[in-house]
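Since the structure comes first, as structure tokens, the remarks are kept for the end.
The values are calculated or read from the model by the stated rules, or taken from the named source; none is laboratory data. Just so it is clear, the model here is predicted, and its values are computed rather than measured. Please note: Cβ atoms are built from the backbone with ideal geometry, for glycine as well, and neighbour counts cover all protein chains shown. Quick note on the areas: whole protein, heavy atoms, side chains included, nothing else; ligands and nucleic acids left out. Shrake-Rupley method; radii C 1.70, N 1.55, O 1.52, S 1.80 Å.
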Amino acid sequence: MHKAFLIAAPSSGSGKTTLTLALLRILARRGYRVQPFKCGPDYLDTRLHTLAASYKERKSSGINLDTFMASEAHARTLFGRYGSRADVSVVEGVMGLFDGAEKAQGSSAEIAKLLDLPVIMVVNAKSMAYSAAPLLHGFRTFDPEVKMLGVIFNQVNTPTHYRYLEAAALDAGVEPLGYVPQSEGIAISERHLGLNTSPGYDREAVIEAMADHVEKTVSVNRLLDLSRVVLPPSVSEPCGRVVPSADRKVIAVARDEAFNFLYEENLAVLKEHGEVVFFSPMEDGHLPESHLLYLAGGYPELYADRLAANQAMRHSIAAYCFRGGAAYAECGGMMYLGRSLSAADGTVHPMCGVLDLDTTMQEARLTLGYRKVSLDGLYPHELRGHEFHYSRIDRLGTLQNIAAVANARDEGCTTALFRIRNTFASYVHLYWGERRDFPDFLMARS
């Protein structure tokens, strides 16, 4: 029987990601084929999951499970399809266990119930002892359909401290599975792991150190004993249309340190429509010959000087878009297609000049949330996605907004989806894993 579990917590900042990365690497080092999943729309954690679960010759990509951006049936299909390729599936939750887009909708608890997954709680016990008992009792009994089977305590001072926590867990009806001692080195590593984008940053060594640290005090064998599940049937989802081999297209996807916010299932859909060719807007001299250009989000603001300096690439992309080539750009990709990007220090960097807008990192505030996107009759289905950025549009010229965008509560948003010729661009990161004809829609415009 397949082994799987979901790592959850009372709130963000409890240590879910550190523990998930450590367990992925521990299991991979023990010879298991490990499949990582992430609840919610996060594309940074899935990159780290991919690194932690890939060990020696075995490679495994992190997959998002999100019941707002797609249906429950789609989440079950993904879990069955990717889980069937592995021995153990490790699912990292999002925020607190019951935190969703609207109450518990789309929460870790909803995913756990949908997939019948045992839940392992991570509790930051730095300033806690027996008070862990009512905390765990409340989470265990709030929704009886959620199978909370174990707890791992984080930020534990000493073995004596853990014994108090162990007693609290047993009294709450939750099995204690060990603890993670405080470690400033691990804490610093976690903070920088997803934020440091330098190619020279040794993420591999950081994950190895996390695994070594956690393996000493967490009962991994017992965790696996509690984690037997039945996988949903592994089924394939049909593409929007069957693409004859002679008609398969070339799809150019930007992927480097500046552009890397990619949903793995989006890429899987693109590969159904054609050959995916990766290129670097920073390093390469020109855009590959292609039928569709995909500029995903990332950190263009951190590499704005290098993006601006590569004039050949900027001119190549502009020429492609202006002659009517099909393109989709989101968030960082949209910023790159604009006329300029202003850094936090006020430095202005020229970009591709396809979109008549300027973006800036100055006086910017966080904008985030789920989004529903309707393309005003151009595309027959509502699209779902997520918006997350600190930048803002500083100047907007004469660009056409072709979409109505709302948040998870169906409240209208000012976020736009722009179109010029056959180039589409928005701050929204769209998920088209369940809208598998969306690339065909984009390419049909050119």
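Here are the numbers for this structure:
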| item | result |
| --- | --- |
| Probe 1.4 Å, protein heavy atoms only - accessible area per residue of the chain in square angstrom | 40 |
| For the range 288-332 versus the range 126-164, the gap between their alpha-carbon centres in whole angstrom | 49 |
| Approximate spin-label separation residue 87-residue 257, in nm, with each point projected 7 Å along Cα-to-Cβ | 3.6 |
| Under 11 Å, Cβ to Cβ, from residue 147 - net charge with Lys/Arg +1 and Asp/Glu -1 | -1 |
| Kirkwood hydrodynamic radius over Cα pairs of the range 294-436, then Stokes diffusion coefficient at 20 °C and 1.002 mPa s, in µm²/s | 140 |
| Cα-projected label distance for residue 366 with residue 299, points at 7 Å along beta-carbon direction, nm | 1.7 |
| Charge-dipole axis of the range 98-140 as Lys and Arg at +1 and Asp and Glu at -1 on Cβ define it, positive-most pick from 120, 106, 136 | 136 |
| Proximal charge balance of residue 356 [Cβ under 13 Å; K/R count +1, D/E count -1] | +2 |
| Carbon plus sulfur fraction of accessible area for the chain, probe 1.4 Å, in percent | 50 |
| Flagged links, alpha-carbon separation over 23 Å, of 38/249; 56/113; 16/126; 3/126 | 38/249; 56/113; 3/126 |
| Heavy-atom SASA rank of 141, 360, 17 (probe 1.4 Å, accessible area, largest first) | 141, 17, 360 |
| Debye, to nearest 20: dipole size of the chain, +1 on Lys, Arg Cβ, -1 on Asp, Glu Cβ | 600 |
| In Å², nearest 10: area of residue 140 left accessible to a 1.4 Å probe | 80 |
| Nitroxide proxy distance, nm - points 7 Å out along Cα→Cβ at residue 216 and residue 171 | 2.9 |
| Summed side-chain charge close to residue 50 - residues other than residue 50 whose Cβ falls under 11 Å, Lys, Arg +1, Asp, Glu -1 | +2 |
